[in-house]
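The values are calculated or read from the model by the stated rules, or taken from the named source; none is laboratory data. Computed from a prediction, not measured in an experiment: that's the story for all the values here. Here the Cβ is made from the backbone with ideal geometry for all residues, glycine too, and neighbour counts use every protein chain on show. Note: areas computed on protein heavy atoms with side chains; ligands, DNA, RNA excluded. Shrake-Rupley method; radii C 1.70, N 1.55, O 1.52, S 1.80 Å.
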Amino acid sequence: MFGAVVGHLVIDYVLSKGRVRRGLGGAVAYAGLAARRYGVDTVAVSKVGADMPDEYILFLARNGVDTSCVVRVSDSVSTSFMLKYLEKGGRELRVLGVCEPIMPSDLPECLGEADFIHVGPVIREVSSRVLERIKELSNGLLSLDLQGFIRRQEGDRIAYMVDEEVLKAVKQANVVHGDLDEAVTVTGEREPWRAALKLVNKGADIALVTLGKRGAYLAYNGRAYFIPAAKPRRVMDETGAGDVFTVIFDASYIENGSILEAAAAASAASSFLVEEEGLSGLVGKNELKKRIDEVLLGIKRMV
């Protein structure tokens, strides 16, 4: 299986328990490595600035992700964030820098061979024109994360905005993922399974709405399901859980053709991720099986 991940690689500064940890972030990092650990040959399509540490790109390459389509822009900074996790849950996010956007001309021809392409922008670096070009190149499954389509920068803060670009993006995707806040922003529906159904009504084939430890909701073909959260041994760092959820859904669905099993695999993979800081919690396909079976037992149809 061959997959691609598209979006900005990010320098994350994570403030947690009184200390700051710098690390590699962004959907391209989390989804790319998760797909590779699952056994997918994976290419990363990204742009970074001159300040991106060489060791971050080498880390991806040494872990099997093809980084030949990561472009370093010498006169730009990398996209970077300060993330502060709050004691009562949730997080505060500050924008430290934004790299130049990904353009249709940046997309490699090898995307035409991809079984799936996951588009995970972090702050509007991917436009609907880029998605159109992806659809021209590839017949593979196209998934996207709402996060980077609805975000806009206000000073060093993030606000959400839904415009025609967002709605175009949803219509072009086979699989759309968002957390509850993101799904509510796009649909206006606070009930998560109804929000998932509305995303399908807006044009997606499959919608995934995640709620962290409260599980997730899946909608397709007029049906909606509750997907329980697999239970981690501990929770150390929830960064990237949605990215891992979506890309493992893609890979499992391509592999097995079962939407519910794919959702269970996604839940299992994200539960391992949160057990460690950063990218350390990613595991291989074989380690997921027990948790997949537990999740499958708890799936409930809503409508």
> Looking at segment 199-235, which trypsin sites (Lys or Arg not before Pro) are in a loop (DSSP not H, G, I, E or B) and have at most 13 other Cβ atoms within 10 Å?
Replying inline: 233, 234
> When Rg is the radius of gyration of the Cα atoms in segment 183-253 and Rh is its Kirkwood radius, what does Rg/Rh come to?
Replying inline: 0.98
> Can you give the extra length, in nm with one decimal, that the chain gains between residue 167 and residue 54 once fully stretched, where that is 0.36 nm per residue apart less the Cα-Cα distance?
Replying inline: 37.1 nm
> Mind checking which lysines have their C-alpha under 19 Å from residue 135, skipping anything on the same chain fewer than 8 residues away?
Replying inline: 168, 171, 202
> Given a 1.4 Å probe and every protein chain left where it sits, what share in percent of the accessible area of the chain is carbon and sulfur?
Replying inline: 46 percent
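Over segment 205-303, average the accessible area per residue using a 1.4 Å probe and give it in Å², no decimals.
Working: 4310 Å² over 99 residues.
Heavy-atom accessible area per residue stands at 44 Å².
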> In Å, what is the Rg of the alpha-carbon atoms in segment 4-99, and how long is Dmax?
Replying inline: 13.8, 41
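Compute the Kirkwood hydrodynamic radius of segment 173-303, taking the inverse of the mean of 1/r over all pairs of distinct Cα atoms, and give it in Å to one decimal. Don't skip to the answer; put the middle values down first.
On the way: mean 1/r = 0.0698 Å⁻¹.
Answer for segment 173-303: a Kirkwood hydrodynamic radius of 14.3 Å.
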>> Less than 26 Å apart at the alpha-carbon level, and either on another chain or at least 8 residues along: which lysines does that give for residue 289?
In response: 213, 231, 300
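Extension gain residue 16-residue 156, at 0.36 nm per residue separation less the Cα-Cα distance, in nm? Intermediate results must be reported in sequence, preceding the final value.
Values: separation 140, 0.36 × 140 = 50.40 nm, distance 1.93 nm.
Here the segment from residue 16 to residue 156 would lengthen by 48.5 nm.
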> Considering the Cα trace of segment 130-197, what is its radius of gyration and what is Dmax, both in angstroms?
Replying inline: 12.9, 39
> Just going by the charge dipole of segment 118-253, with Lys and Arg at +1 and Asp and Glu at -1 on Cβ, which of 144, 192, 158 is farthest out on the positive end?
Replying inline: 192
> If you average 1/r over every pair of different alpha-carbon atoms in segment 95-137 and take one over that average, what Kirkwood value in Å do you get?
Replying inline: 11.3 Å
> Once the principal axes of the Cα atoms of the chain are found, what is the range along each, listed largest first in whole angstroms?
Replying inline: 52, 46, 37
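Using the crude model of +1 on Lys and Arg Cβ and -1 on Asp and Glu Cβ, and no other charge, please compute the dipole size for segment 158-292 relative to its Cα centre, in debye to 20.
The calculation lands at about 620 debye.
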